[in-house]
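Take a look at the structure set out below.
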Amino acid sequence: HLHILSLLAHQAAVAIETANLYQATAESESRYRDLFERNLDGLVLVSAEDGQIIDANPAFQEMLGYSLNELKQRKIWEIRPPEHQEAAQRCWANYQIEHTGRGRSIPYQTQNGRVIETEFSTWSMETSGRRTYVTSVRDVTDKLKLADHLRQAQKMEAVGTLAGGIAHDFNNILGSILGYASFVKDS
């Protein structure tokens, strides 16, 4: 009976350990899902094998105007503007080698056809024995427009400063001419 009791105690300990492991796994998955769903940047998971979109958080869905099901029916380069899709597909080969990437001003096309510019960061991870790319995407369209407006304003300010300097110099020259003209007239 002692052997049976020892065996039952061992099985109970294994059952408790398994239950604790399941609980820890469930808590970890819940934390991951919460971070994924609540992230303000767009997050998209893509199969490294073929570029198929596996999952996307609400921020990414909202940014592009697609539902999760619509995104899951596309390859990652298929949500780029048509003129960029071939180049994006070629870049995919680099990710197969490097497994990471970072970029600025990468265009995506929203469901309604509007093109947005993004900054992104991509890294590789293993999920269920498959390599997956996780890409964090931030819409910088407005930021780039503001930077362009600032550059234009700075150019206009420089032109204004130059015109003011020229007008000042012209006024000085004109003053000299008028002075000499008055001198000649009085002589």
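The values are calculated or read from the model by the stated rules, or taken from the named source; none is laboratory data. These numbers come from a predicted model, not from an experiment. Backbone-built Cβ (ideal geometry, glycine too); neighbour counts: all protein chains shown. Please note that ligands, DNA and RNA were not included when accessible areas were found on the heavy atoms of the full protein model with its side chains. Shrake-Rupley method; radii C 1.70, N 1.55, O 1.52, S 1.80 Å.
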Practice task
Enter the angle in degrees (range 0 to 90, nearest 10) between the Cα long axis of helix 141-186 and the first principal axis of the Cα atoms of the chain, meaning the one along which they spread out most.
Solution key: 10
Handout entry: Vicinal HN-Hα couplings computed from phi for region 69-85 (Karplus, 6.51 cos²θ - 1.76 cosθ + 1.60; Hz; Gly/Pro x)
Key = 4, 5, 5, 5, 8, 10, 7, 4, 6, 7, 9, 9, x, x, 6, 10, 5
Handout entry: Rg and Dmax [Cα atoms of the chain; Å; Rg one decimal, Dmax integer]
Key = 32.1, 139
Fill in the blank from the handout: Checking ILE116, ILE177, ILE16 against a Gaussian network model of the chain (alpha-carbon springs below 10 Å), the top fluctuating residue turns out to be ILE177
Problem - Residues listed by number, region 22-47, amide nitrogen under 18 Å from TRP123 label point at 7 Å toward C-beta - result: 29, 31-47
Practice task
Go ahead and estimate [θ] at 222 nm for the chain from helices alone: -39,500 (n - 2.57) per DSSP H run with n ≥ 4, summed, over the residue count, rounded to 500.
Solution key: -21000 deg cm²/dmol
Problem - Two-site label geometry, SER182 and LYS145: point separation in nm, points 7 Å out along Cα→Cβ - result: 5.4
Problem - Carbon and sulfur %, accessible surface of the chain computed with the full protein complex present, 1.4 Å - result: 58
Practice task
Report the net charge of residues surrounding GLY51, where surrounding means a beta-carbon distance below 10 angstrom and charges are Lys +1, Arg +1, Asp -1, Glu -1.
Solution key: -1
Fill in the blank from the handout: Given a 1.4 Å probe, the accessible area of the chain per residue, as a whole number of Å², is 71
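What does the charge count near GLN61 come to, summing +1 for each Lys or Arg and -1 for each Asp or Glu among other residues with Cβ under 13 Å from its Cβ?
-4
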Practice task
Could you please state, rounded to a whole Å, how far the C-alpha centre of region 114-137 is from the C-alpha centre of region 18-83?
Solution key: 9
Handout entry: Folded to 0 to 90 degrees: helix 2-38 orientation relative to the chain principal axis, Cα
Key = 20
